[in-house]
Amino acid sequence: MSFSPLALILLWLATGGVAPGATVAPGLPNIVMVLIDDMGWGDFSCYGNKEAQTPHLDRLAVEGIRFAQFYVNSPICSPSRCALTTGQYPQRWGITSFLEARAANLQRGMVNWLAPQAPTLAKALKARGYATGHFGKWHLGGQRDVDDAPPITAYGFDESLTNFEGMGPKLLPLTLKPGDAAPGKIWVNAERLGGPVTWMQRSKITGGFVEAAIHFMDKSAQEGKPFYVNLWPDDVHSPFWPPVEKWREGKRGLYLAVLEEMDRQLGRLFDHLRDTPALRNNTLVLVCSDNGPEPGAGSAGLFRGTKATLYEGGVRSPLIAWAPGIMEAGKAASHNERSVFAAIDIAPSLLALAGANAGPERFDGENLAPVLLGKSEASRTAPLFWSRPPDRKTMGPKNKEPLPDLAMREGSWKLLCDYDGSAVQLYDLSTDFGETENLAERKPEVVQRLKTALLAWQKEMMGARRRQ
């Protein structure tokens, strides 16, 4: 059953949150997955941002674990979200760039939505007895003129609340800037993608998703059920609409204002978990980004590349894990600089923590649950592979430099090349994390081994897509 966002918030206030005696099923951790939109590796102040402060996210890192070598599986939103949702490479499901209108999807050889038969983390956890909720951006079906996609609940969620890129109940944005006499509306056509629809200031929408998620978590705890919650805000994706009183000048200034306001609104969620005894010691929170930053807005720190590129800045993401009652003792405020893993590893890791049966599906990800809890600094054993979005061969109209089609990481080696194996770039990330010195000519044996594996992976992905 779905409720309007306002009804969710009022109901939560009326019930007073979690009942004092509420408990969750022993041994089954609650899970909250926070996926920020278009944020760079260097945008949290705990990851080096000197131009903005993110105190709530920084505190989460101080009480948890901060990871340096975590990756997402695409440099653009929809395939990255697909990988996190399924534990499989998104190429297997025909999602290789952001989902758009039907004609654009067809032109790029893409599906219009994630196949409802795809294995999902939510389905497996729901079968384990979890209450499952999705609050925020979806972008795996139901956008532009694609109005017949499955609802978000078809993928294993009991409840959902989304934005203009998903089917079902949603929050849609009102806009206001200094000097405006009245708010405007954007994405009005998204009303056709399901309801009820609540219009609210774009600068407050993260808080709207947070309030709905808090109500869902409290209700689940009252019922004695563990919960799995996606909290996937629109922030910090453009266009940038910070509160009028916090308006700044220029693209970067507006971005930083939105970043700080998002941190403040997410703080409501983190404080609620921290201050609620029934939740604090049995909840795991993971926070990351879906891909690298938009050029001119966020920052990838010292890494090369941005959103839509296969360089480190496009696919390496910050990751914070918070689980004070579950993680290894003494690991608070630790910085894991060794473990190399990716979003496809999250699903099998969380299912292992929940003791859930993944069914017959084969994950591309690996179980690294001990790493998330600070009990190990292992890395995934298999290499990581990427392909670029099919519509992003260059940086853009102002920069026509061709981008690599494919990339992989094995150990400290990062190799990039085109589909035919040409234009090879090879970097040793242990000494050159900025990808500045191409070692391809000096390491021909490494190039040959990695390129053979990368082209074989690409062939496998193309074959998997054709078999659907």
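The values are calculated or read from the model by the stated rules, or taken from the named source; none is laboratory data. Just so it is clear, the model here is predicted, and its values are computed rather than measured. For neighbour counting, all protein chains shown are included, and Cβ atoms are generated from backbone atoms with ideal geometry for every residue, glycine included. Heavy atoms of the whole protein, side chains included, go into the accessibility calculation; ligands, DNA and RNA do not. Shrake-Rupley method; radii C 1.70, N 1.55, O 1.52, S 1.80 Å.
Would you check if ASP58 is among the acidic types (Asp, Glu) and buried (at least 24 other Cβ atoms within 10 Å of the Cβ)? Quick ask: steps written out before the conclusion?
Details: among the acidic types (Asp, Glu): yes; buried (at least 24 other Cβ atoms within 10 Å of the Cβ): no.
Taking the combined requirement at face value, the residue does not satisfy it.
When the residues of the stretch 82-99 are narrowed to those that are in contact with a strand residue (DSSP E or B) (Cβ under 7 Å, 6 or more places away or on another chain) and over 18 Å from ARG362 (Cα atoms), which ends up surrounded by the fewest Cβ atoms within 10 Å (Cβ to Cβ)?
This residue is THR96.
How many residues, within the stretch 256-296, are within 13 Å of LEU231 (Cβ to Cβ) and open to solvent by 30 Å² or more (accessible area, probe 1.4 Å)?
Summing the residues that are within 13 Å of LEU231 (Cβ to Cβ) and open to solvent by 30 Å² or more (accessible area, probe 1.4 Å) in the stretch 256-296 gives 1.
List the helices (runs of 4 or more DSSP H) that sit entirely inside the stretch 1-97 and contain at least 2 residues that are at pLDDT below 95 and on the phi < 0 side of the Ramachandran plot.
Details: elements: 5-15, 55-62, 77-86.
Qualifying helices (runs of 4 or more DSSP H): 5-15.
Can you tell me how many residues in the stretch 188-213 are closer than 25 Å to GLU249 by Cβ and not in a strand (DSSP E or B)?
The total comes to 6.
Condition test on VAL236, is it of a type in the set (A, V, I, L, M, F, W, C) and either in a strand (DSSP E or B) or surrounded by fewer than 23 Cβ atoms within 10 Å (Cβ to Cβ) (or both)? I'd like the intermediate steps shown before the answer.
On the way: of a type in the set (A, V, I, L, M, F, W, C): yes; either in a strand (DSSP E or B) or surrounded by fewer than 23 Cβ atoms within 10 Å (Cβ to Cβ) (or both): no.
No: the conditions fail for VAL236.
Kindly list the number of the only condition in (1) assigned to a loop (DSSP other than H, G, I, E, B); (2) buried (at least 20 other Cβ atoms within 10 Å of the Cβ) that fails for GLY421.
Here GLY421 meets the rest and fails (2).
Examine the stretch 45-55 for a residue that is farther than 25 Å from GLY305 by Cβ, open to solvent by 10 Å² or more (accessible area, probe 1.4 Å), out of contact with any strand residue (DSSP E or B) (no Cβ under 6 Å at 6 or more places or on another chain) and not β-branched (Val, Ile, Thr), and state whether such a residue exists. I'd like the intermediate steps shown before the answer.
If we filter the stretch 45-55 for residues that are farther than 25 Å from GLY305 by Cβ, which is where we start, we get 53, 55.
Then drop every residue that is not open to solvent by 10 Å² or more (accessible area, probe 1.4 Å), which leaves 53, 55.
Pick out the ones that are also out of contact with any strand residue (DSSP E or B) (no Cβ under 6 Å at 6 or more places or on another chain) and you get 53, 55.
Going one step further and asking which of them are not β-branched (Val, Ile, Thr), we end up with 53, 55.
Yes; the residues of the stretch 45-55 include at least one that is farther than 25 Å from GLY305 by Cβ, open to solvent by 10 Å² or more (accessible area, probe 1.4 Å), out of contact with any strand residue (DSSP E or B) (no Cβ under 6 Å at 6 or more places or on another chain) and not β-branched (Val, Ile, Thr).
Kindly provide the set of residues from the stretch 380-405 that are among the small types (Gly, Ala, Ser) and under 20 Å from the mean Cα position of the chain (by Cα), ordered by number.
Applying the first criterion (among the small types (Gly, Ala, Ser)) to the stretch 380-405 yields 382, 387, 396.
Result: SER387, single match.
Among the listed residues VAL340, VAL315, which satisfies the condition of being aliphatic (A, V, I, L, M), farther than 21 Å from ASN230 by Cα and modelled with pLDDT of 95 or more?
Numbers: VAL315 fails: farther than 21 Å from ASN230 by Cα.
Criteria check complete, one pass: VAL340.
Return yes when THR436 is open to solvent by 30 Å² or more (accessible area, probe 1.4 Å), of a type in the set (Ser, Thr, Tyr), closer than 17 Å to VAL340 by Cβ and assigned to a loop (DSSP other than H, G, I, E, B) and no when it is not.
Values: open to solvent by 30 Å² or more (accessible area, probe 1.4 Å): yes; of a type in the set (Ser, Thr, Tyr): yes; closer than 17 Å to VAL340 by Cβ: no; assigned to a loop (DSSP other than H, G, I, E, B): yes.
Considered against the rule, which asks whether it is open to solvent by 30 Å² or more (accessible area, probe 1.4 Å), of a type in the set (Ser, Thr, Tyr), closer than 17 Å to VAL340 by Cβ and assigned to a loop (DSSP other than H, G, I, E, B), THR436 comes out as no.
Any residue at all in the stretch 446-464 that's polar (S, T, N, Q), assigned to a loop (DSSP other than H, G, I, E, B) and open to solvent by 80 Å² or more (accessible area, probe 1.4 Å)?
Start the filter on the stretch 446-464 by keeping residues that are polar (S, T, N, Q), which leaves 448, 452, 458.
So of that shortlist, the ones also assigned to a loop (DSSP other than H, G, I, E, B) come out as none.
No.
Are any residues in the stretch 341-374 surrounded by 23 or more Cβ atoms within 10 Å (Cβ to Cβ) and in contact with a Pro (Cβ under 6 Å, 6 or more places away or on another chain), and if so, which ones?
GLY365
Report, ordered by the first and then the second residue, all pairs with beta carbons closer than 6 Å, sequence separation of six or more or different chains, a first member in the stretch 421-441 that is touching a residue at least 40 places away in the same chain (Cβ under 8 Å), and a second member that is open to solvent by 30 Å² or more (accessible area, probe 1.4 Å).
What qualifies is LEU429/SER412; GLY434/LEU302; GLY434/ARG304; GLU435/ARG304.
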